[in-house]
Amino acid sequence: MLKRLAVAAVAALLATTALAEGKVLGTVTKIEMAGKDAKSATATLQDEAGKAVVLTVEDKVTLDKLADKRIKVGDEVKAKYESKGGKNTATYFKKPGGC
C-alpha cells in the first residue's frame, strides 16, 4: 500500500513539473493562422531581451482578434503560457492596455 502511494506521489510530481509556466511582454513579429477556419494560430513575440518566443494560440476570442487584425504584427502583447512537450500554449494573450 505504501509503495503504491509513493509511486502515485512521484507520478503526480513528475506530471506537475513537466508543465512549465512562463510569461512574456514583447512585440508580435509574426502571426500564422492555421488555415481558413483556424482552430489555432502561431504567434512569435520578441521579448525585451531580443529573444523570440513562439506561442500557440487556441482560444476563440484571441483567434478572432488575430484574424480581424485587432492584434497584429508590431503590437506589444502580454502573454502567459504553459510549456509542455516542447510547445508553448498561450493561456493569456492581450495588449497591455487591453483589446
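Do we have any residue at all in segment 5-22 that's surrounded by 14 or more Cβ atoms within 10 Å (Cβ to Cβ) and modelled with pLDDT of 70 or more? There is no residue in segment 5-22 that is surrounded by 14 or more Cβ atoms within 10 Å (Cβ to Cβ) and modelled with pLDDT of 70 or more. Selection over segment 23-42 of residues that are at pLDDT 75 or above and outside any strand (DSSP E or B) gives a count of 3. For segment 43-76, taking the residues that are hydroxyl-bearing (Ser, Thr, Tyr) and in a strand (DSSP E or B), the one that is surrounded by the fewest Cβ atoms within 10 Å (Cβ to Cβ) is identified as Thr56.
Only residues that are free of Cβ contacts under 8 Å to residues at least 40 places away in the same chain and on the phi > 0 side of the Ramachandran plot were counted across segment 43-84, and they come to 2.
The values are calculated or read from the model by the stated rules, or taken from the named source; none is laboratory data. Worth saying up front: this structure is predicted, and the values here are computed from it rather than measured. Note that we place each Cβ from the backbone using ideal geometry, even for glycine, and neighbour counts take in every protein chain shown.
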